[in-house]
Amino acid sequence: MSDLYIGFMDEEVRPILSALFAEGWNVLVIERGNVNPTGTLFERPIANYQGKVMWKGWVGMDTDGDFISLPNTVKAPDNFNPNRAQWLTVFQEVLYGNLLDVFNKLPARILETEGNRTVKRKLGLLPSLSILYMGKASGRDSGLPTKILVRSPEMGLQPGLIRTQLRGILKALKGASNATKPSQRGNSSVNIWSYGAGGAFRDIGQPLPAGGPGEVWNVLGSVMMGVERDKAAELGREKVGQRSLYTGIINYASREQYCQFYETPTFYDIAGARQLVEQTFIAQSTEQTSQLYKLIASTQTVISAQQNGVPAERSAVTISSNSFMGHNVKQAANQYGLHGDANMEDFHLLKLIHSMDAAQTHYTSVKSIENRYPTLAASKIVRIDADPFNIPNPVKAAFGPVREPNEPPVMPWVLASEQYAAILAWGLQGLELTQAPAAVYLGFDANAVGNQKVNPSAAITEHGCFIPQTSANVNLQGNHSKLYLNAFCLEVAQDMLNEFGSWIDKLGKLKAQPEKFAEVARSNPFNAPLVNDPELGEFLPLETCYSKIRSLAGKAEQEGLLNDQLASFINNLKTFLQIAGENLPIWARGGWGADSNQLYSAANAKLVDATLDRFIYKANNTIVLENRAQEAVTNWFV
């Protein structure tokens with residue numbers, strides 16, 4: 001029996017991997033991209049995990065555009081079980097064959113024009129996947145392997161490909177067991193578990209069941225409100241290679257059933273199909289006599305009857321979509337009487353789980369091509385709300401542009417170089433909450449002696465909108481029982497070096513082209529309005545610092561040197577971007593609401609409605625998933 005854990009975001013899979021290692025398990029990890037065995041995995045240096053890479057294979061596109069499979073490139077420990085190596089080799093071969101088969105059946109890649117932009121449809125692209133067997137040669141295993149963690153290969157423009165690619169992985173599990181010798185096989189039965197966060201559409205408190213940050217849902221069904229390609233209409237056309245056609249759909253999936261509730265007419269563009277299906281979903285939520293209302297509402301009635309009396313992990317029917325869901329869509333889900341939250345993935349996972357059950361029911365012959373799935377035993381999807389459905393007025397006021405007289409800000413707007421460097425170093429070291437610097441928390445006092453003071457305001461500690469971390473923080477002095485992440489500082493830790501690194505790389509390629517160099521410099525990720533075009537000599541120290549940071553990242557023995565380079569990077573960045581003063585504003589992407597002529601910073605962000613909800617979700621997401629991961633592995637997924 002194998003346990004297959006499926007996640008989509010770094011913050012979903014990283015704590016599960018750590019929790020499995022904490023219990024002594026070896027884990028087969030399947031991750032997007034070509035992972036360096038001594039590099040980074042799920043935003044954390046592999047050296048910082050309890051388990052190390054003992055075997056690594058890869059499948060993906062080479063530089064010539066061919067889909068290839070590269071065998072193990074890691075020297076296994078001396079006492080590594082050869083049967084494990086054989087099973088892993090066969091698993092990779094079968095996985096490669098499954099994905100190649102899917103590729104050959106897909107239509108060619110299409111480039112389409114929508115409005116004034118070219119849109120890439122990922123029709124003929126294959127995933128790049130690393131297959132990492134991690135742990136210790138003496139680690140726990142009762143099969144080959146027992147614990148499998150998959151970060152879903154696809155979660156972007158076409159979430160429907162989630163099912164296609166996960167099917168290839170699942171069938172590879174059974175294929176490897178059938179192809180290896182009996183002594184090398186693992187049991188081809190599998191449990192499927194998924195762990196993640198979602199957006200609440202039920203209120204904090206009454207009426208029960210309540211929603212809001214930290215509330216846990218046991219997802220047994222999901223209603224999909226989104227857009228799919230209208231393949232039937234495309235097949236009916238005379239010419240091949242014309243632009244895709246789309247239809248809006250409202251469907252339902254659970255382990256027991258798959259139902260189609262509603263479909264729009266065919267559209268030439270995604271936007272038209274999305275607008276109509278969303279309007280229909282919202283309008284029908286108040287029409288309790290309509291057929292669509294009855295169909296959607298009945299799904300929760302059936303699920304609740306199946307799972308009556310489960311207060312700790314409350315039975316849920318979530319709402320899934322392949323686009324952003326605003327407050328009006330979540331309000332409609334509430335009005336249909338659904339319990340759960342909003343996300344992009346549940347429907348696709350449940351449709352896959354349903355198809356596995358259907359294959360086992362209808363195709364009992366081992367030789368049947370339709371019965372290539374492993375036998376599905378148990379399955380469970382757990383979602384944890386990361387934001388409130390409705391944000392209380394005191395919280396809105398605290399984050400608004402106008403505060404009460406003498407009320408301190410909920411967070412600082414600028415940081416000293418060493419504080420900034422500490423946040424960047426924390427990100428490079430893997431975002432361990434127990435190692436987070438004080439500056440990453442809401443209520444951080446940037447002017448306190450020693451820079452260790454964290455005193456969050458009542459808007460943060462009350463009202464139930466923000467979740468504190470439960471793990472101790474060894475870096476902070478005194479009593480810090482309430483630690484809430486600052487979403488902007490979290491983005492600095494996670495994304496700032498990557499975004500600024502891409503910009504620095506572009507500048508580096510334009511050293512001999514002054515006009516283009518200046519143009520790219522002005523399009524910097526801070527949106528800093530440069531008074532004078534920067535000189536090449538001002539850029540070189542910044543480029544050198546960035547290169548050194550990348551070479552030092554993940555090397556514990558070089559921590560002091562890394563911190564020095566990060567502080568130097570911040571100072572050189574201020575010089576190059578002509579940002580005056582000793583401190584650097586806290587970076588915030590343009591998407592946070594700053595005007596086009598403003599610095600992209602926390603001070604210029606407009607935290608109202610959707611952006612405030614996004615801030616709260618970002619602040620809570622990592623914490624709620626870290627707080628409950630060990631409990632999920634030990635108690636929920638059994």
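Give region 453-471 a look and list any residue that's touching a strand residue (DSSP E or B) at 6+ places or on another chain (Cβ under 8 Å) and assigned to a loop (DSSP other than H, G, I, E, B), or say none.
Across region 453-471, the qualifying residues are Lys453, Pro456, Gln469.
What single numbered condition from (1) out of contact with any strand residue (DSSP E or B) (no Cβ under 7 Å at 6 or more places or on another chain); (2) at pLDDT 80 or above fails to hold for Pro71?
If we test Pro71 against (1) out of contact with any strand residue (DSSP E or B) (no Cβ under 7 Å at 6 or more places or on another chain); (2) at pLDDT 80 or above, just (1) comes out false.
Examine region 543-554 for a residue that is touching a strand residue (DSSP E or B) at 6+ places or on another chain (Cβ under 9 Å) and over 28 Å from Pro401 (Cα atoms), and state whether such a residue exists. Working first, answer last.
Taking region 543-554 as the starting set, the residues that turn out to be touching a strand residue (DSSP E or B) at 6+ places or on another chain (Cβ under 9 Å) are 553-554.
Within this subset, residues satisfying the condition of being over 28 Å from Pro401 (Cα atoms) are 553-554.
Yes; the residues of region 543-554 include at least one that is touching a strand residue (DSSP E or B) at 6+ places or on another chain (Cβ under 9 Å) and over 28 Å from Pro401 (Cα atoms).
I need the full set of residues from region 585-613 which are open to solvent by 20 Å² or more (accessible area, probe 1.4 Å) and within 13 Å of Leu490 (Cα to Cα), in order please.
Within region 585-613, Arg589 is the sole residue that qualifies.
Among the residues of region 228-254, what is the count of those that are at pLDDT 90 or above and surrounded by 19 or more Cβ atoms within 10 Å (Cβ to Cβ)? I'd like the intermediate steps shown before the answer.
We begin by selecting, within region 228-254, every residue at pLDDT 90 or above; these are 247-254.
Subset that is surrounded by 19 or more Cβ atoms within 10 Å (Cβ to Cβ): 247-248, 250-254.
Going through region 228-254 one residue at a time, the tally reaches 7.
Scan region 378-395 residue by residue and report those that are polar (S, T, N, Q) and farther than 13 Å from Gly205 by Cβ.
Scanning region 378-395 gives Ser379, Asn393.
If Lys618 meets every condition in (1) open to solvent by less than 30 Å² (accessible area, probe 1.4 Å); (2) of a type outside the set (Asp, Glu); (3) not assigned by the TED database to the domain that holds Gly464 apart from one, which number is that one?
Condition not satisfied by Lys618: (1).
Listed here are the residues, each with its yes/no results for (1) in a helix (DSSP H, G or I); (2) modelled with pLDDT under 85; (3) not hydrophobic (A, V, I, L, M, F, W, C).
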| site | (1), (2), (3) |
| --- | --- |
| Tyr373 | no, yes, yes |
| Ile384 | no, no, no |
| Asn390 | no, no, yes |
| Ala397 | yes, no, no |
| Pro405 | no, yes, yes |
| Ile423 | yes, no, no |
| Gly427 | yes, no, yes |
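If I ask for residues that are in a helix (DSSP H, G or I) and open to solvent by 60 Å² or more (accessible area, probe 1.4 Å), which ones from region 529-550 would you list?
Initial filter on region 529-550 (in a helix (DSSP H, G or I)): 536-550.
Leu536, Glu538, Leu540, Thr544, Ser547, Lys548, Arg550, listed by residue number.
Check off (1) part of a helix (DSSP H, G or I); (2) touching a helix residue (DSSP H, G or I) at 6+ places or on another chain (Cβ under 9 Å); (3) surrounded by fewer than 23 Cβ atoms within 10 Å (Cβ to Cβ) for Ile16 and give me the number that stays unchecked.
(3)
Name the single residue, out of those in region 508-520 being open to solvent by less than 90 Å² (accessible area, probe 1.4 Å) and either modelled with pLDDT under 90 or not in a helix (DSSP H, G or I) (or both), that is nearest to Ala605 (Cα to Cα). Let's see the steps before the verdict.
First, the residues of region 508-520 that are open to solvent by less than 90 Å² (accessible area, probe 1.4 Å): 508, 510-511, 513, 517-518, 520.
Then drop every residue that is not either modelled with pLDDT under 90 or not in a helix (DSSP H, G or I) (or both), which leaves 510-511, 513.
Details: Leu510: 31, Lys511: 33, Gln513: 34 Å.
So, considering only residues that are open to solvent by less than 90 Å² (accessible area, probe 1.4 Å) and either modelled with pLDDT under 90 or not in a helix (DSSP H, G or I) (or both), the one nearest to Ala605 (Cα to Cα) is Leu510.
Kindly list, by first and then second residue, each pair from a residue in region 198-219 that is within 24 Å of Ser323 (Cβ to Cβ) to a residue that is part of a strand (DSSP E or B) and basic (Lys, Arg), limited to pairs with Cβ atoms under 7 Å and residues at least 6 apart or on different chains.
From region 198-219, the pairs are Gly198/Arg383; Trp217/Arg314; Trp217/Arg383; Val219/Arg383.
Just the residues that are acidic (Asp, Glu) and modelled with pLDDT of 90 or more, please, taken from region 521-561. Walk me through how you get there before you give the answer.
Taking region 521-561 and keeping what is acidic (Asp, Glu), we get 533, 535, 538, 543, 557, 559.
Correct list: Glu543 only.
Residues to consider are Met9, Met54; find the one that is closer than 30 Å to Asn627 by Cβ and either charged (D, E, K, R) or open to solvent by 40 Å² or more (accessible area, probe 1.4 Å) (or both). Outline the logic, then answer.
On the way: Met54 fails: either charged (D, E, K, R) or open to solvent by 40 Å² or more (accessible area, probe 1.4 Å) (or both).
Selected residue: Met9, the only one of Met9, Met54 that is closer than 30 Å to Asn627 by Cβ and either charged (D, E, K, R) or open to solvent by 40 Å² or more (accessible area, probe 1.4 Å) (or both).
Before we move on, is Met1 open to solvent by 50 Å² or more (accessible area, probe 1.4 Å), closer than 20 Å to Arg84 by Cα and outside the structural domain of Asp495 (by the TED database)? Write out each step before concluding.
Numbers: open to solvent by 50 Å² or more (accessible area, probe 1.4 Å): yes; closer than 20 Å to Arg84 by Cα: yes; outside the structural domain of Asp495 (by the TED database): yes.
Answer is yes for this residue.
If Asn34 satisfies every condition in (1) at pLDDT below 95; (2) closer than 17 Å to Gln494 by Cβ but one, which is the exception?
Failed condition: (2).
Looking at Thr299, Thr318, Thr286, can you tell me which residue is at pLDDT 90 or above and part of a loop (DSSP other than H, G, I, E, B)? Show your work before the answer.
Values: Thr299 fails: part of a loop (DSSP other than H, G, I, E, B); Thr318 fails: part of a loop (DSSP other than H, G, I, E, B).
Unique residue meeting the criteria: Thr286.
Quick check: anything in region 323-345 modelled with pLDDT under 90 and buried (at least 24 other Cβ atoms within 10 Å of the Cβ)?
The answer is no, given that none of the residues of region 323-345 is modelled with pLDDT under 90 and buried (at least 24 other Cβ atoms within 10 Å of the Cβ).
Any residue in region 537-564 that's farther than 21 Å from Thr38 by Cα: show its pairings with residues that are among the hydroxyl-bearing types (Ser, Thr, Tyr) and buried (at least 16 other Cβ atoms within 10 Å of the Cβ) at Cβ separation under 6 Å, as long as the two are six or more apart or on different chains.
Final answer for the pair search is Cys545/Ser568.
Would it be correct to say that Val27 is closer than 22 Å to Gly196 by Cα, among the β-branched types (Val, Ile, Thr) and out of contact with any helix residue (DSSP H, G or I) (no Cβ under 8 Å at 6 or more places or on another chain)?
On the way: closer than 22 Å to Gly196 by Cα: yes; among the β-branched types (Val, Ile, Thr): yes; out of contact with any helix residue (DSSP H, G or I) (no Cβ under 8 Å at 6 or more places or on another chain): no.
No, not satisfied.
Could you tell me whether region 567-576 includes any residue that is in the same structural domain as Asn447 (by the TED database), farther than 18 Å from Ser502 by Cα, part of a helix (DSSP H, G or I) and open to solvent by less than 60 Å² (accessible area, probe 1.4 Å)?
Taking region 567-576 as the starting set, the residues that turn out to be in the same structural domain as Asn447 (by the TED database) are 567-576.
From what is left, the residues that are farther than 18 Å from Ser502 by Cα are 567-568, 571, 575.
Pick out the ones that are also part of a helix (DSSP H, G or I) and you get 567-568, 571, 575.
When the remaining residues are screened for being open to solvent by less than 60 Å² (accessible area, probe 1.4 Å), the result is 567-568.
For region 567-576, residues in the same structural domain as Asn447 (by the TED database), farther than 18 Å from Ser502 by Cα, part of a helix (DSSP H, G or I) and open to solvent by less than 60 Å² (accessible area, probe 1.4 Å): present.
Being modelled with pLDDT of 85 or more, closer than 24 Å to Pro37 by Cβ and assigned to a helix (DSSP H, G or I) narrows it down to one of Gln165, Gln92, so name that one. Before the answer, list the steps.
Details: Gln165 fails: modelled with pLDDT of 85 or more.
None of the other options fit; the residue is Gln92.
Here are the criteria: (1) open to solvent by 50 Å² or more (accessible area, probe 1.4 Å); (2) not in a helix (DSSP H, G or I). Tell me which single one Pro525 does not satisfy.
Failing condition for Pro525: (1).
The values are calculated or read from the model by the stated rules, or taken from the named source; none is laboratory data. Quick caveat, the model's predicted, so the values are computed rather than measured. Cβ: placed from backbone, ideal geometry, glycine included. Neighbour counts: every protein chain shown. Each accessible area value is taken on the protein alone, full model and side chains, heavy atoms only, with ligands, DNA and RNA left out. Shrake-Rupley method; radii C 1.70, N 1.55, O 1.52, S 1.80 Å.
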